[in-house]
Amino acid sequence: MLPRPLETEPLSGSAIADRLRALDAWLSAHAPLWEPRPFVTWRPAWWGDAPELAAWVQTVDEGVLQALEDHLGANVEVPERLASLAEQAAALTDLTPLARAQVAPRGRGVKSRKGEQVGGFLAATEHALRGGDAVVVEWCAGRGHLGRTLSERLEREALLLERDASLCAPARGAAERPRVRHVCVDVLDETVHHALPDRGAFVALHACGRLTDRMLDVALAHGASAIAAAPCCAHRLFGAPRYAPRSAIGRASALSLDASALRLSVLDEASVSPRERARRQREHWLRVAVDLLARGATGLDEHFSFPSVSAEQIDLSLVDFVDWVQRTHGLPVPAGWDPDQVGAAATEQLRVIRAGAIVRRVARRPLELWLALDRAQSLVEAGLEVSVGTFCARTATPRNILIVGRAA
Ligand SMILES: C[S@@+](CC[C@H](N)C(=O)[O-])C[C@H]1O[C@@H](n2cnc3c(N)ncnc32)[C@H](O)[C@@H]1O
């Protein structure tokens with residue numbers, strides 16, 4: 001698959017379907033590379049097909065690994081295959097901002113990153129929301145910064161829907177506005193329909209996973225005049241076994257995205273403190289040591305999975321941690337195991353796992369954009385005029401893709 005030329009305009013019209021098809025072909029072709037989770041599958045099948053890349057994964061040094069973990073585009077030498085995949089992924093996920101300039105949100109109580117998100121959302125959607133008197137419906141509104149800002153800017157009524165009662169009161173310092181109603185409701189519940197106006201302008205800033213799809217369904221059912229959604233937390237399926245593709249192209253795709261595949265789409269270059277990074281590394285190291293013992297005891301190349309652990313358990317010595325997993329989760333342990341030897345092997349195995357995760361991460365943004373474009377294309381199929389682009393910098397939020405649709 002050749003990389004496409006970089007975009008100069010937000011995606012709209014047939015460009016949405018074209019890009020979705022291109023992403024679908026690329027993700028399907030490279031599925032063996034990104035579907036297996038390195039923590040679970042230690043020797044993925046692709047190692048046989050890409051020996052140069054497999055050798056790199058098994059031998060890359062710690063400095064290069066850390067640089068790539070900090071920033072996937074770090075200026076370090078990587079195998080040609082990895083560089084080429086990263087280049088293709090970058091071209092396929094190129095997006096332009098939906099608006100050139102942001103609109104500053106008003107009101108105290110809006111934190112700066114949230115302020116940037118709201119300002120960007122506003123600038124990117126104003127053209128679609130302007131005109132008419134549609135009530136603005138904010139879906140999974142949290143404190144409702146977006147809905148309040150849109151209400152003021154567009155001089156419209158706003159209905160803010162949020163499940164958490166403690167968030168339905170305005171943030172301290174945020175002025176209450178007569179045109180704004182904050183309603184406590186579970187948007188997955190059928191009663192939500194009773195609260196909704198016809199032909200509203202539906203907006204959702206980071207409604208998690210299936211909650212975004214629920215908004216698209218409900219908004220279309222209520223004849224929405226406009227719909228704008230910036231999805232996040234794709235893996236939150238609320239009981240569904242996998243992502244249900246919405247567009248004809250998505251439904252015809254060979255991709256089958258369960259929570260584990262969806263989680264990859266939101267795995268970002270973490271800006272965590274060195275302390276937090278060290279703790280995570282220690283937890284991973286302990287888990288890999290446990291896995292080594294289980295694989296050694298059973299002779300099976302199978303991952304030993306157990307639920308999350310507390311900070312206290314992460315501080316245990318390897319021997320005590322293994323003892324705890326044995327008692328609480330039935331870990332099989334070979335007799336007379338040597339903690340020094342297992343600890344050293346876990347360090348080595350963890351490095352290989354981290355390198356495998358770097359390779360897998362090449363598919364992260366393509367997957368995220370595939371999901372956004374499947375939703376966008378479903379709105380095109382429903383007859384809306386649709387654009388897709390970014391609404392803020394990745395520093396304001398990594399979930400910066402926005403779908404904007406307007407009834408034709
Ligand atoms: C990631 S936050 C986004 C909040 C807000 N839109 C923002 O950007 O600040 C997601 C919000 O969805 C709300 N939520 C989750 N499940 C919900 C449901 N079933 N019905 C209504 N709101 C829900 C959560 O309480 C939370 O406030």
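The values are calculated or read from the model by the stated rules, or taken from the named source; none is laboratory data. Please read all numbers here as calculations on a predicted model, not as lab measurements. With ideal geometry, Cβ positions are generated from the backbone for all residues, glycine too; neighbour counts draw on all protein chains shown. Surface accessibility is based on the protein's heavy atoms, side chains included, excluding ligands, DNA and RNA. Shrake-Rupley method; radii C 1.70, N 1.55, O 1.52, S 1.80 Å.
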| Taking only C-alpha pairs under 8 Å that are 6+ residues apart, what is the relative contact order of the chain in percent? | 24 percent
| query | Can you give the angle from 0 to 90° between the axis of helix 364-381 and the longest principal axis of the chain, with both taken from C-alpha atoms, to the nearest 10? | reply | 30 degrees
| field | Rel. contact order, % - alpha carbon contacts under 8 angstrom, at least six apart, the range 274-360 | value | 39 percent
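Classify the range 274-360 from the C-alpha gyration tensor, please: rounded if a/c falls under 1.5, else prolate or oblate depending on whether a/b exceeds b/c. Before the final figure, lay out each step's value.
Details: a/c = 1.60, a/b = 1.18, b/c = 1.36.
Judged from the Cα gyration tensor, the range 274-360 comes out oblate (a/c at least 1.5, b/c at or above a/b).
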| Excluding ligands and nucleic acids, what accessible area in Å² is computed for VAL40 using a 1.4 Å probe, to the nearest 10? | 40 Å²
| field | Rg ratio (alpha-carbon, reference 2.2 N^0.38 Å) - the chain | value | 1.09
| request: Rank these residues by their accessible area, most exposed first, probe 1.4 Å: VAL57, VAL272. | output: VAL272, VAL57
| task | Using a cut-off of 11 Å between beta-carbons, work out the net charge of the residues near ASP164 (Lys and Arg +1, Asp and Glu -1, ASP164 not included). | result | 0
| request: Take the alpha-carbon centre of the range 55-92, take the same for the range 231-278, and report the distance between them in whole Å. | output: 22 Å
| request: For the range 262-315, give the percent of accessible area contributed by carbon and sulfur heavy atoms, probe 1.4 Å, rounded to a whole number. | output: 50 percent
| message | Kirkwood hydrodynamic radius, computed over distinct alpha-carbon pairs, for the range 200-261: how many Å, to one decimal? | response | 12.4 Å
| field | List LEU384, LEU23, ordered by accessible area with a 1.4 Å probe, largest first | value | LEU384, LEU23
| note | the chain accessible area per residue, 1.4 Å probe, protein heavy atoms, integer Å², reads 46 Å²
| task | For helix 274-298, report the angle its Cα long axis makes with the longest principal axis of the Cα atoms of the chain; keep it between 0 and 90° and round to the nearest 10°. | result | 50 degrees
